[in-house]
Amino acid sequence: MHTPIGKQLARKGSKPTAAYQTFLFDFDYTLADSSQGILLCFRNVLQRHSYTDVTDEAIKSTIGQTLEESFAQLTGTEDAALLAQYKQEYTEEAAIYMTPNTRLYPETIEVLTALKAKGARIGIISTKYRFRIKELTDRQIPPGTIDLIVGGEDVLNAKPNPEGICLALERLKADKATTLYIGDSIVDAETARRAEVDFAGVTHGVTTAEALMQYPHRWILPDLRQLPDYVDNRMPGKKRRINTIQGIWLVLSGWMALDELLFRGSVDSMLVIFLLSLWSISRKRQILSDKWDFKLKQQLLPLKKRIRAWHIQLIRGKETPPRDAQPYTCLNCGTSYEGNFCPRCGQSSRTTRYRWSNMLKNILGGFFNIDKGFGRTTADLLHRPGYMIYDFIAGRRIEQFRPFQMLFILAAIYIMAVQLIDPDALRRGKEEKNVSVEELTDLRNSLNEGLEADSSQISQRFLQSTLGVIDRKIAQEMKNDSLRTANQPVVKEGYLVQFTRPLQQRIQAFCDQSPVLSRVTNLLKGWFHGNKAFHILITLPLFALASLIVFRKRFNQQYNLTEHIFIQAYFACQMLLLSILILPLRGHATAGELYELPAWCIFLTFFIDYKQLYRCTWWRGFWSTVKMFCWSGLILGLLALLLVLLAMLCQ
């Protein structure tokens, strides 16, 4: 029996599990959001011909039709020659603006790869030109996922004529009874009806679910994410109930996390483990009853829609400003032109008189060498870093600040912030490098052994005086340690810290037994307690190589090593920016550390950046980030071992 949601969306009499073997998709508003590129191209053509009163909603309502039909509807003209001219101008605009302003929906790749993993044949049927679709799919969708693309140039009659679907069925050698066509508009629904294939609607576009329900359909879905579940006759939300072992584990881990939070006064690993367990089990199992689960989904539905709209806006980024059709005279060279920039010298049409805002921007630009794009890149690094980096690597660079230049500027700002907030940070960093009490004690024991073995009176006097100095130094250090301990609050250790400390001590003891391993660990410690700027620069190729290894074959975007270095430079800029923002809250700086961020925050930052950059699932992005850090540690250890061996050979 279907859930209440399923009764509204699904037609009764579902087919067996493996009924559909071929899936044909519309493109615009079904697999991808190309509305920004379409609006920009239509707007440029319409404004060029003085149609300035056409709204964005009117343009969006024509998506899915041919260009001639769209321009006829928007302008009211029936002149075939004029419509052909509009189409030609639109094609010229699309060559510039369409692909950079088209974004796949967040779930598109996941759904297509899931269907392909089940052996399905996948095709795209669209009125858009095939090469335009192929530009995007070849770059973002894994090779071999899409079996066929039928574009507007491949057919004589556009939708709702079923010629495109029939051509796809012929080329894929598919049967109508095992084919499902997925679209977002009533044009797609009518096309499926005429082709005599089943139809599933998605409400990504401007067409409502009520309008799509007027046509024969299998399902009307809010997005493609639920399609594999419906195809398998498994209604979304109708998961298997949580079992006893999973329930006991959630109660036990929740109690341990609560014990850490309330009774021990610390937030450690168990809270993270509990939240991850709850999230993983809730995705695969139904924890609440059907009644409460349905009520919760109904209450969260508006929030889910808002989050999805915000997510799409993050992917899309800032809109490219339309071409200005107003005539201008360049103030620099006197050339008359239309547009945003002078075609002769390149000066902006927005060049105005100097005011206070211009002067402040000019001063900051001269002091930090900041030009256009610094503010926007800073904002993007805080709320959409992965998507911004993806756009930058893909070629949308005119609005973004260069990564290495930004890294140096943020490093300078960070040093200034440290000098203002905590000027004693560098001095404390030097004091932290002093010899510890344990090392002084070991030195004193060694000198005592030498004192007993040496019979020379002069040597004994020298050793005794040295031992006196060491004893006074040990007493002073023990006094300082007691004062620091008395002034510091007592923090109870969590389970993970208590469990891993003996293991860390054993590893350190094992390394100390071997001269080579001891030198390697000392070299690694030296690297991680030196100059901050040197650390940031040295970690870029390290993390870049690790990222290249982890993400080389597992995701669709295959970047080379140089591109990975640029990506890591932006990551470093993001963490420097967070370090600058967190300094006033902490009130002090941490000398010798790479960033002013805890380890879990650095990991979370990398995790979110990779999640956005590669458009992967949360779980896949999490484990890929873990693997990246493991590879980084391995590469760093091998590099340190190589340097130690070279030093030993040179001796």
So for the pair L542, L252, with labels modelled 7 Å out along Cα→Cβ, what separation do we get in nm?
3.7 nm
Along the Cα→Cβ direction, 7 angstrom out, place labels at D56 and K304. What is the inter-label distance in nm?
2.6 nm
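Starting from the Cα-Cα distance between I582 and R194, subtract it from 0.36 nm times their residue separation and give me the gain in nm to one decimal.
Numbers: separation 388, 0.36 × 388 = 139.68 nm, distance 6.10 nm.
Contour length minus Cα-Cα distance gives 133.6 nm.
With N denoting the number of residues in the range 569-619, provide Rg(C-alpha) divided by 2.2 N^0.38 Å, to two decimal places. Before the final figure, lay out each step's value.
Values: Rg = 12.4 Å, N = 51, 2.2 N^0.38 = 9.8 Å.
Against the compact-globule rule of thumb, the ratio is 1.26.
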V197's amide H: which non-local residues (gap 5+, or another chain) put their own amide H closer than 5 Å, with H modeled 1.01 Å from N in plane and none for Pro or chain starts?
none
Residues whose built amide H sits under 5 Å from the amide H of F341, excluding neighbours closer than 5 in sequence, are S349
Along its three principal axes, how long is the range 40-101 when you only count alpha carbons? Whole Å, largest extent first please.
31, 24, 23
What Rg and what Dmax come out for the range 240-316 when only alpha-carbon atoms are used, in angstroms?
16.1, 45
Residue list for the range 599-632, given a label point 7 angstrom along the Cα-to-Cβ vector of R552 and an amide N cut-off under 19 Å:
614, 624-632
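Which trypsin sites (Lys or Arg not before Pro) in the range 116-164 pass both tests, a DSSP loop state and at most 16 other beta-carbon atoms within 10 Å? Provide the component values of the computation, followed by the final result.
Numbers: sites: K116, K118, R121, K128, R130, R132, K134, R139; in loops: K118, K128.
Filter output for the range 116-164: K118.
Please identify every one of the trypsin sites (Lys or Arg not before Pro) in the range 172-218 that sits in a loop by DSSP and has no more than 15 other beta carbons within 10 Å of its own beta carbon. Walk me through the numbers before you get to the answer.
Details: sites: K173, K176, R193, R194, R218; in loops: K173, R218.
In loop regions of the range 172-218 (DSSP not H, G, I, E or B), the sparsely surrounded trypsin sites (Lys or Arg not before Pro) are K173.
Using a Förster distance of 60 Å, how high is the FRET efficiency between L634 and L156, based on the Cβ-Cβ distance and rounded to 0.05? Present the calculation step by step, with values, prior to reporting the outcome.
Values: r = 59 Å, r/R0 = 0.98.
The calculated FRET efficiency here is 0.55.
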Residues whose placed amide H lies under 5 Å from that of V202, excluding near-sequence neighbours
G183, D184, L221
GluC sites (Glu not before Pro), restricted to the range 129-227: which are DSSP loop and have at most 15 other Cβ atoms within 10 Å?
E196
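Values in this text are rule-based calculations from the coordinates and carry no lab data. Just so we're clear, the structure is a prediction, and the values are computed from it rather than from any experiment. Heads up, the Cβs are rebuilt from the backbone with ideal geometry, glycines too, and the neighbour counts pull from every protein chain shown.
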